[in-house]
Amino acid sequence: MTTSAIDLVAMNSFYGTAVREEEVKLRQLPIPRILLRIRSGAAIRGALFERAIRRVASEYDVLFSAYNPCDCGVPAIHLLDLSCDEELQTRFAPRPRGFQGLFHRVAPVRAIYLWLAHRISSPSGRDLFSGEDVPLANSRWVASVIERKHHVKCPVLYPPVPSGFADAPFESRNDDFACIGRISEEKRLEQVFEILARVRARGYQVRLRMIGGFGTNKYERKLQALARSLPWVILEGSVSEQRKQEILKSCRYGIHGAEGEGFGIAVAEMVKAGCITFAPAEGGPADILDHDALLYRGDDDAVEKIYALLSRPALQASLLEHLRQQAEKFSAERFMRDLRTIVDKFLARSNLPASAATAGDGADHALQPVT
C-alpha cells in the first residue's frame, strides 16, 4: 500500500532486482494530489496515509511498515530508523537547508506543523512501543538508541545486499577509494576529500571515485567545483547497478563519511564488492565493518588508520578475510530467513497460522508491505 504509483521497471533497473508486476499487488491510497507534488510536508502526507491505512487494516493478516512506525490501529511490524523520533532525529540528523528545511529549523514553526499533522492523523490511541507491535532496527546501533529512549526490545533486521562477495583479485585492482551515496551535506564529502588529500601527502597516490548524481542546488554545485579542482577525484555520476559493480570491483578501498547513520547500505555494498572500507565509528556502519582498524573517530584517526593499512600488506589480507565473513550477514537469503522468522513469531502471537507468512502463491495477502 502506498500513496503514489510504483515504476517497477525503473526500480528493478536501479536496484538490480527482477520483480515482476504479477508478483506485487499495489493498493494506492488516496491523498490530495497537491501533497504529492511538493517535497515538504512529509508529516502531513504520513498523517493522511495513517488514516487511510486504518480504514483497510482489518483486511490483512500482517501489516509491515517498511519506514518507521505507522499507526495502523492494530498491531503491526515496523522497520525503524532514527527519523521515527523527533528528539533522536534532531540529535543525529542534520536539518535540510532552504525552504524545505523551514519546518525543521524554526522550533515554533516545527512544533505547530507536527501538532497539525498529529491532529490530522487522528491517532488510534495505541502505544506503538507498548509491546504489542514489533519494532525492528536496521542495525545494532539504531536498536540501542531506540531501546534506551523507549525502553522496548528492538530486534535487528539487516537490509539485504543481494550480490555475493566479489571474487575480483585484490592484487589486480587499482589503488582507488570508492565513495557511494547522495551528494548532500550529512555525507561529509568535503571531509572525505581532506582525509584522502592528507593520505596522498604521505606519498600514496590514491584516487577517489565518487558514485552519485549531482543536482543543481548550492551545495551540490560547490562540491562539484571542489571535486573538479582535484585531478585525483573522478566523478562517476549516477550509474546503473551493473556499472556500479564494475567500478567497485576495480577499487581496492572504500570510504564513507556520514556519522550517526542508521545502517549505511553503501558501506555494505562496498564491502560485498571486496573493497576494504573505512567509516565513522558512530553509527550503523560499525555493525557492517566491526573492526577497530576500519572505524575512525575524527579525520586525524581516519588518516592514521588508512596510512597503516596502505603500508601493511599483511593487515590488508587479514581485513579482507574479516570482511568476507562480515558480508554473509547482509545476504538476501539471510534477510528472507530472518524476516520470515519475525513474521512467524508475530502471527503465532496473534493466534494466526504461521504458514500464512511462509506459504507460496496460495497465501494471497499474507504479507502486505506498507511503504
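The values are calculated or read from the model by the stated rules, or taken from the named source; none is laboratory data. None of these values were measured; they are calculated from a predicted model. Note that we place each Cβ from the backbone using ideal geometry, even for glycine, and neighbour counts take in every protein chain shown. Remember, those area values only see protein heavy atoms, side chains included, never the ligands or the DNA or RNA. Shrake-Rupley method; radii C 1.70, N 1.55, O 1.52, S 1.80 Å.
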Revision key, fill the gap. Between the modelled labels at residue 216 and residue 147 (7 Å from Cα along Cα→Cβ) the distance in nm is 4.8 nm
Point to revise | Length-normalised contact order of the chain in % [C-alpha pairs under 8 Å, at least 6 apart] | key: 18 percent
Review point. In the chain, what percent of the accessible surface is made up of carbon and sulfur (1.4 Å probe, ligands and nucleic acids excluded)?
Key: 53 percent
Review point. If you put +1 on each Lys and Arg Cβ and -1 on each Asp and Glu Cβ, how big is the dipole of the chain around its Cα centre, in Debye rounded to 20?
Key: 1120 debye
Check your understanding: Per the Kirkwood definition applied to all pairs of different Cα atoms, how many angstroms is the hydrodynamic radius of segment 124-191?
Key -> 16.3 Å
Point to revise | Largest-first principal axis extents, alpha carbons of segment 141-248, Å | key: 50, 39, 32
Revision key, fill the gap. Note to self: with every protein chain in place and a 1.4 Å probe, the chain gives an accessible area per residue in Å² of 51 Å²
Study note, to complete from the structure: In nanometres, the difference between 0.36 nm per residue of separation and the alpha-carbon distance of residue 328 and residue 171 is 54.3 nm
Revision key, fill the gap. Partner lysines whose C-alpha sits under 20 Å from that of residue 153, ignoring same-chain residues fewer than 8 away, are 345
Review point. If amide H atoms are built 1.01 Å from N in the plane of the peptide, which residues on other chains or at least 5 residues away come under 5 Å of the amide H of residue 78?
Key: 65, 134, 136
Exercise for review: Enter the per residue convex hull volume of the chain, computed from alpha-carbon coordinates, in Å³ rounded to the nearest integer.
Suggested key: 148 Å³
Review point. Using the per-residue mean of other Cβ atoms lying within 10 Å as a proxy for protection, in what order, highest first, do the peptides 174-185, 245-256, 221-232 fall?
Key: 245-256, 174-185, 221-232
Study note, to complete from the structure: Summing +1 per Lys or Arg and -1 per Asp or Glu among the other residues with Cβ less than 15 Å from residue 263's Cβ gives -3
Revision key, fill the gap. Check: C-alpha center segment 263-337 vs C-alpha center segment 1-26, spacing in Å is 31 Å
Exercise for review: State whether segment 162-213 is rounded, prolate or oblate according to the following rule on the C-alpha gyration tensor (a ≥ b ≥ c being the square roots of its eigenvalues): a/c under 1.5 gives rounded; otherwise a/b larger than b/c gives prolate, and the remaining case gives oblate.
Suggested key: oblate
Check your understanding: Per-residue accessible area for residue 25 at 1.4 Å probe radius, Å² rounded to 10?
Key -> 140 Å²
Check your understanding: Okay, helix-only estimate at 222 nm for the chain: each DSSP H run of n ≥ 4 adds -39500 (n - 2.57), divide by all residues, round to 500 deg cm²/dmol; what do you get?
Key -> -12500 deg cm²/dmol
Exercise for review: Taking the Cβ of residue 322 as the centre, find all other residues whose Cβ is under 13 Å away and add up their charges (Lys, Arg: +1; Asp, Glu: -1).
Suggested key: -2
Review point. Under unit Cβ charges (Lys, Arg +1; Asp, Glu -1), what dipole magnitude, rounded to 20 debye, does segment 206-336 have relative to its Cα centre?
Key: 620 debye
Check your understanding: For the peptides 163-171, 51-59, what is the packing order when you average, over each peptide's residues, the other Cβ atoms within 10 Å and list the highest mean first?
Key -> 51-59, 163-171
Exercise for review: Distance between Cα centroids, segment 128-200 to segment 201-260: provide it in whole Å.
Suggested key: 17 Å
Revision key, fill the gap. Beyond 24 Å (Cα-Cα) in this structure, taken from 149/305; 244/329; 244/305, we find 149/305; 244/305
